[in-house]
Protein chains: 2
Amino acid sequence: MEAKKTFFNLPEEKQKRVLETALEEFSEKGYEGASINLIVSKLGIAKGSIYQYFTDKKSLFLFIFDYAVELIRKTLKQVKHETKEEPTFERIRRSLLAGVDFIERHPFIYRGYLKMMFEREAPFRQELLQRIRLFSSEYLTSLLLEGREKGEIRKDMNLETMVFLLDAVMDRFLQAYATPYLDSGLNLHRMKRSEIERHVDEIVKLISKGIGR
Amino acid sequence: MEAKKTFFNLPEEKQKRVLETALEEFSEKGYEGASINLIVSKLGIAKGSIYQYFTDKKSLFLFIFDYAVELIRKTLKQVKHETKEEPTFERIRRSLLAGVDFIERHPFIYRGYLKMMFEREAPFRQELLQRIRLFSSEYLTSLLLEGREKGEIRKDMNLETMVFLLDAVMDRFLQAYATPYLDSGLNLHRMKRSEIERHVDEIVKLISKGIGR
DNA sequence: ACCCATTATGACCGTATGGTCATATTAAAA
DNA sequence: TTTTAATATGACCATACGGTCATAATGGGT
């Protein structure tokens, strides 16, 4: 639907190189800012060639987006399954660490997501963002619901508000890890794993017990 | 330093119109994406004219940035002073509502800040972001410190981590208010004031008592 | 009425963009 | 060796960008 058949006839490693190079460009410059000229020159192919693979810039973007979303979805699903029997706050802890690992493994995907969040220009931005945030909040909602049944999560407070708080803190934690100057002095950015884990522990404790009293 | 004398000789209302129009363009498209051509055509002036006011795109951007930062700084300072005698969580509540009001009064400033946060292209981005986040986290730090003295804030937890959590939740709340599809189903975006206040109350309660037990 | 400093103008420049297409190259089939 | 279908190419197009500059319009002081 989005890529031409010529693209799929390419050797798999070339396909991947094309996708990774384009992903890097999009995640650094955003949709409008990304340059097809730069992508092809980085790939060492003629400009016409990339238009043999994809009908236009938009198709290329959407194809990459789908590829990235699928990766995220799989990762979330796996964590959810792996921690099925753990206590709720341990699951939250593990989810955060899984996010850190994901950023480490696919640095451009998370940057691209951040880019999109505050870009008006990306095609279908609204729909695409909704797709991501939806299964992110579905994930947290089910976590908290199961936590309530186990008596680990308070029942005297609105579920949606708790999901909002969780989502906000977790997302910001990952943003701070992926971007400098976003963490109010915690200096999370690319911190080594052991110290990250220490901070995760503290934050989860705060989410659980609050800052009051 | 950043604007030419010609600009300051302009009638004040024209100065303001120029700044507001440019601010709107920058906040919608980001630094690179913003078009001088569009700005002048929206203003109904010749392209050459704006180069009589500012030496180049960068100067225009930095001038607007300073103007915006000063507004934010003043607002924060005022809230801090106005709530001097209130309990800590009431101060947090009031700060959030002040943020909502600020967005209502200066919608493009907050959007511009969000844009910058995830743009690599803006000139001096790192330094500029640091300037904002610094006095934001200084503000929260002093709030919490005074709260500790009054015995309202727990002392058995790292202060920096609490500031991080506060900052994350408050910032995300304002982001969700200013941007659709960012609130995990709370639908804060441009919600009417009375309902906003209800949500603020709930969130502050959660920050205080946590989601656990 | 003249002067003159200040401000406004828009054609123009070099560069870059996304996209096109006739043609060249390749490689397998005949 | 010849034919044929698939792939690669880069000159070229219209458009837009930030920025320049010689010139025109303006308006207060004399």
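The values are calculated or read from the model by the stated rules, or taken from the named source; none is laboratory data. All figures in this text were calculated on a predicted structure; none of them were measured in a lab. When we count neighbours, we look across all protein chains shown, and the Cβ atoms used for this are built from the backbone with ideal geometry, even at glycine. Keep in mind that these areas ignore ligands, DNA and RNA; they rest on the heavy atoms of the full protein, side chains included. Shrake-Rupley method; radii C 1.70, N 1.55, O 1.52, S 1.80 Å.
Could you tell me whether the range A:24-40 includes any residue that is within 10 Å of DNA strand D (Cβ to nearest atom), away from every other protein chain (no Cβ under 14 Å), free of Cβ contacts under 8 Å to residues at least 40 places away in the same chain and out of contact with any helix residue (DSSP H, G or I) (no Cβ under 8 Å at 6 or more places or on another chain)? Looking for residues that are within 10 Å of DNA strand D (Cβ to nearest atom), away from every other protein chain (no Cβ under 14 Å), free of Cβ contacts under 8 Å to residues at least 40 places away in the same chain and out of contact with any helix residue (DSSP H, G or I) (no Cβ under 8 Å at 6 or more places or on another chain), one finds none in the range A:24-40, hence no. Considering only residues that are among the hydroxyl-bearing types (Ser, Thr, Tyr) and more than 9 Å from DNA strand D (Cβ to nearest atom), look in the range B:58-81 and name the one that is most open to solvent (accessible area, probe 1.4 Å). The selected residue is B:Tyr67. Determine whether A:Leu186 is in contact with a Phe, Trp or Tyr (Cβ under 6 Å, 6 or more places away or on another chain) and either more than 7 Å from chain B (Cβ to nearest Cβ) or more than 21 Å from A:Glu90 (Cα to Cα) (or both). Yes; evaluated as a whole, the condition is true for this residue. Does at least one position in the range B:168-189 carry a residue that is touching a residue at least 24 places away in the same chain (Cβ under 8 Å) and of a type in the set (Phe, Trp, Tyr)? Yes, that holds for at least one residue. If the condition is being within 11 Å of DNA strand C (Cβ to nearest atom), in a helix (DSSP H, G or I) and open to solvent by less than 50 Å² (accessible area, probe 1.4 Å), then the range B:7-32 contributes B:Phe7, B:Gln15, B:Val18.
Within the range B:68-115, being in contact (Cβ under 8 Å) with a residue 24 or more places away in the chain, under 15 Å from B:Leu144 (Cα atoms) and either in a loop (DSSP other than H, G, I, E, B) or in contact with a strand residue (DSSP E or B) (Cβ under 8 Å, 6 or more places away or on another chain) (or both) holds for B:Pro87, B:Thr88, B:Phe89.
Checking each residue in the range A:113-131 for being open to solvent by less than 20 Å² (accessible area, probe 1.4 Å) and at the interface with another protein chain (Cβ under 10 Å from one of its Cβ atoms) picks out A:Leu114, A:Lys115, A:Met116, A:Met117, A:Phe118, A:Glu119, A:Leu128, A:Leu129.
In the range B:189-212, of all residues being touching a helix residue (DSSP H, G or I) at 6+ places or on another chain (Cβ under 8 Å) and in a loop (DSSP other than H, G, I, E, B), the one that is farthest from the other protein chains (Cβ to nearest Cβ) corresponds to B:Arg190. In this structure, does B:Arg148 turn out to be within 14 Å of chain A (Cβ to nearest Cβ), within 13 Å of the chain's Cα centre (by Cα) and in a helix (DSSP H, G or I)? No: the conditions fail for B:Arg148.
Among the residues of the range B:82-102, those that are among the aliphatic types (A, V, I, L, M) and surrounded by fewer than 19 Cβ atoms within 10 Å (Cβ to Cβ) comprise B:Leu97, B:Ala98.
For the range B:88-106, the criterion of a residue being away from chain A (no Cβ under 11 Å), touching a helix residue (DSSP H, G or I) at 6+ places or on another chain (Cβ under 7 Å), on the phi < 0 side of the Ramachandran plot and of a type in the set (Ser, Thr, Tyr) is satisfied by at least one position. Only residues that are open to solvent by 60 Å² or more (accessible area, probe 1.4 Å) and either near DNA strand C (Cβ under 6 Å from one of its atoms) or outside any helix (DSSP H, G or I) (or both) were counted in the range A:47-57, giving 4.
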